Amino acid sequence: MLKKFKFPSDTTDILENCKGVTFPETREQLVELALGGKDVFTVEYEVDGQPRQEAIITRCKNGAVINYTDVYMRRRDPDCLIIGDNNPTDKPRYKDRFGTDFEPVRKATFDWLKQQELIVVPVMVGGDEYGYPAALIAPKNAGFFACGLADLQYFTNIAEFDGVFEPKVVIYLAPPFRHTHFDGKQIVVHNRHGEVYELLSYNLYPGPSAKKGIYGFLLDIGEREGWVTVHTSAVKIVTPYENEIVMMHEGASGGGKSEMSEHIHRETDGRLLVGENLITNEKFYLRIEAPCDLYPIADDMAMCHPKMQNDSKKLVIKDVEAGWFVRVDHIKEYGTDPHLEKSCIQPNEPLVFMSMQAQPNSTVLIWEHTIDEDTNKPCPNPRVILPRRLINNIIDTTVEVDIRSFGVRTPPCCKDRPSYGIIGLFHILPPALGWLWRLVAPRGHANPSIVETEGMTSEGIGSYGYFLTGSVVKQANLLLEQVLNTPNTRYVLIPNQHIGCYAVGFKPQWIAREYIARRGSAKFKEENLVKARCDLLGYNLSSLKVDGQFVNKAFLQPETQPEIGLDGYDKGAKMLSDFFKKELAKFDTPELNPIGKKIIDCCMNDAPLEEYIKIIPIKF
């Protein structure tokens, strides 16, 4: 089997001198490796001469359930990415953070792998047509990690592969180094090493390495070749009248990407609870009798390769992944999302679940989340990996994007506690502001996917900044070129969690999805728009009607909520403006596209909305 690969000499040395190598040939074999051939399998490693538990794997009727013994390991640490090489980067280097060169640790990692039984999993990152060969080298008892990677990317049976498999990226997994070298932290070292991009993963949570680590590799390739992998979901929406529209929804972790492809969550009487006033407890409902049909396209990452683009002057995308890492923290009881529940409870093949309560040979239920011992509350980041082949109505081809929406998790806002929760149900943005929001990419309020951070922070650069190994300014230029080259794709901004003093969850994007699709066009009439009181928010809708029902103006223009008023709104707008100015300062370099400099100057000088439109016109 080893002869079917073309690995660097260091990698070949590991595989020729380790205690044994398994090359899985089927997904069924990968699932059994994940379970260790047992009903309950403990993944542990020797640390300082003592066994150290990392995870407990439980065999259930519908799949393998992974529960990390360390609460910290149940969410991604946003500061896990470290650069091990000397190539240009805006990220922290290994030597800067740890005070020593990385090479001795790299060698120690390879020496440790030689002492293990290993598993080698080849995949095609991004698929066969536009993708890149990759491989995982991991200890055999971390089979669940290997199975997860094989589901997230395109697993390749090396026994049936025709030709020589030459990986462009290799993931080396060495879990005990988290304890012996990195004080228990989730460290992933990106080593852009010659012809092969190395990912040295020192933890067993697939988010930072098998998923976002691969994303870092794709961003590096794109930066060198002049294209972008966007952090986005996408869905084709088909109305009862057969109008079709494609929306892609970008945003930081927790920004609503997965939710854009979900069916509307309804009350028991069939209504949609738009929002509940946190002060008066007043509730507003809509009744949407015949919702649109949904055809999912992407869940988290989409490639915008130059070979895909055409003459439509719309952005053309394709999903990068073979499976989706779906967060289900919002599924709190049976019946919340029947489509997703059925896919997970009665799948056609066993799935990989994370941070859910499990008993051997039972059925794991996606609303029964693991209780975090430090808070005595359900884990906020339960996950399931859903292979694309198991998702109904999935679209596997390239698609043209009509609407690019951007999602922001917003906190409550009222007079006494002003905040940036002043975003209405959705806003129409001029392209220049669409670009600015992607540069800043607020992580937002109460993010469930990552380890807690204080205050409003930024994931930056299209919301993929935390996965980027190269230059933020180069990425800003690439995103701006994308905006300039695709004038027929339009931009909207959508909040989630709160609109002013109303708790709304992800309802705004579901309502926006239904409304925009029913209009039958991505264009908006200028006479139906009102300039937002905060220029960074573009335009509000003057009114919004879905299925014959008007949405209350308080959701469209939050300053009309008496609990906020103009004073509370303006204080929130000031917070948003100050945050933008702080985050945009890093892009003020000679390397920035001159058009981009003009746009950033508008923000820095508190320019009115019309100035942004002069730089890049908006097509209503």
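Quick check on the stretch 399-412. Is at least one of its residues surrounded by fewer than 19 Cβ atoms within 10 Å (Cβ to Cβ) and modelled with pLDDT of 95 or more? Yes: the stretch 399-412 contains one or more residues that are surrounded by fewer than 19 Cβ atoms within 10 Å (Cβ to Cβ) and modelled with pLDDT of 95 or more. For the stretch 441-454, the criterion of a residue being at pLDDT 95 or above and more than 18 Å from the chain's Cα centre (by Cα) is satisfied by no position.
To keep it simple, each residue is scored yes or no on (1) at pLDDT 95 or above; (2) touching a Pro at 6+ places or on another chain (Cβ under 9 Å).
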{"site": "Ile288", "(1), (2)": "no, no"}
{"site": "Met301", "(1), (2)": "yes, no"}
{"site": "Lys313", "(1), (2)": "yes, yes"}
{"site": "Val316", "(1), (2)": "yes, no"}
{"site": "Gly323", "(1), (2)": "yes, yes"}
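Restricting Gly184, Gly143, Gly127 to residues that are over 15 Å from Met1 (Cβ atoms), buried (at least 24 other Cβ atoms within 10 Å of the Cβ) and in contact (Cβ under 8 Å) with a residue 40 or more places away in the chain narrows the list to Gly143.
Candidates in the stretch 532-567 are the residues that are without any contact (Cβ under 8 Å) to a residue 40 or more places away in the chain and over 25 Å from Pro608 (Cβ atoms); of these, the one that is surrounded by the fewest Cβ atoms within 10 Å (Cβ to Cβ) is Gly548.
Applying the selection to the stretch 73-88, what residues are buried (at least 18 other Cβ atoms within 10 Å of the Cβ) and outside any strand (DSSP E or B)? Within the stretch 73-88, Met73, Arg74, Arg75, Asp77, Pro78, Cys80, Gly84, Asp85 meet the criteria. Counting only residues that are part of a loop (DSSP other than H, G, I, E, B) and in contact with a Gly (Cβ under 6 Å, 6 or more places away or on another chain), the stretch 90-139 holds 1 of them.
Does Glu527 meet the test of being more than 18 Å from Arg287 (Cα to Cα), without any contact (Cβ under 8 Å) to a residue 60 or more places away in the chain and either in a helix (DSSP H, G or I) or open to solvent by less than 10 Å² (accessible area, probe 1.4 Å) (or both)?
Yes; evaluated as a whole, the condition is true for this residue.
Listed here are the residues, each with its yes/no results for (1) under 30 Å from Val472 (Cα atoms); (2) among the aromatic types (Phe, Trp, Tyr); (3) in contact (Cβ under 8 Å) with a residue 60 or more places away in the chain; (4) open to solvent by 60 Å² or more (accessible area, probe 1.4 Å).
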site: Thr239; (1), (2), (3), (4): no, no, yes, no
site: Asn243; (1), (2), (3), (4): no, no, yes, no
site: Gly255; (1), (2), (3), (4): yes, no, yes, no
site: Asn277; (1), (2), (3), (4): no, no, yes, no
site: Asn281; (1), (2), (3), (4): no, no, no, yes
site: Leu286; (1), (2), (3), (4): no, no, yes, no
site: Asp293; (1), (2), (3), (4): no, no, yes, yes
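If you go through the stretch 54-72 and keep only what is surrounded by fewer than 21 Cβ atoms within 10 Å (Cβ to Cβ) and either within 17 Å of Cys379 (Cβ to Cβ) or of a type in the set (Gly, Ala, Ser) (or both), you end up with Ile56, Asn67, Thr69, Asp70, Val71, Tyr72.
None of Val31, Val40 is at pLDDT 95 or above, more than 16 Å from Pro176 (Cα to Cα) and surrounded by fewer than 17 Cβ atoms within 10 Å (Cβ to Cβ) except Val40.
Which of the residues spanning the stretch 162-181 are within 24 Å of Met301 (Cβ to Cβ), touching a helix residue (DSSP H, G or I) at 6+ places or on another chain (Cβ under 9 Å) and either among the acidic types (Asp, Glu) or open to solvent by 20 Å² or more (accessible area, probe 1.4 Å) (or both)? Working first, answer last.
Residues of the stretch 162-181 within 24 Å of Met301 (Cβ to Cβ): 165-173.
With the extra rule that they be touching a helix residue (DSSP H, G or I) at 6+ places or on another chain (Cβ under 9 Å), the set shrinks to 165, 167-173.
Within the stretch 162-181, just Lys168 meets the criteria.
Scanning the stretch 349-363 for residues that are open to solvent by 30 Å² or more (accessible area, probe 1.4 Å) and out of contact with any Asp or Glu (no Cβ under 9 Å at 6 or more places or on another chain) yields Gln359, Ser362, Thr363. For the stretch 90-124, give me each residue that is open to solvent by 70 Å² or more (accessible area, probe 1.4 Å), out of contact with any Lys or Arg (no Cβ under 6 Å at 6 or more places or on another chain) and either closer than 19 Å to Leu173 by Cα or of a type in the set (A, V, I, L, M) (or both). Of everything in the stretch 90-124, those that are open to solvent by 70 Å² or more (accessible area, probe 1.4 Å), out of contact with any Lys or Arg (no Cβ under 6 Å at 6 or more places or on another chain) and either closer than 19 Å to Leu173 by Cα or of a type in the set (A, V, I, L, M) (or both) turn out to be Glu103, Pro104, Lys107, Gln115.
So for the stretch 578-599 (the condition being under 24 Å from Leu425 (Cβ atoms) and surrounded by 13 or more Cβ atoms within 10 Å (Cβ to Cβ)), does at least one residue qualify? Looking for residues that are under 24 Å from Leu425 (Cβ atoms) and surrounded by 13 or more Cβ atoms within 10 Å (Cβ to Cβ), one finds at least one in the stretch 578-599, hence yes.
Would you check if there is a residue in the stretch 161-176 being among the charged types (D, E, K, R) and modelled with pLDDT under 95?
yes
The values are calculated or read from the model by the stated rules, or taken from the named source; none is laboratory data. Note that the coordinates shown come from a computational prediction; the quantities given were computed from them, not determined experimentally. All Cβ positions, glycine included, derive from the backbone under ideal geometry; neighbour counts span all protein chains shown. The area values use the complete protein model at the heavy-atom level, side chains included, leaving out ligands, DNA and RNA. Shrake-Rupley method; radii C 1.70, N 1.55, O 1.52, S 1.80 Å.
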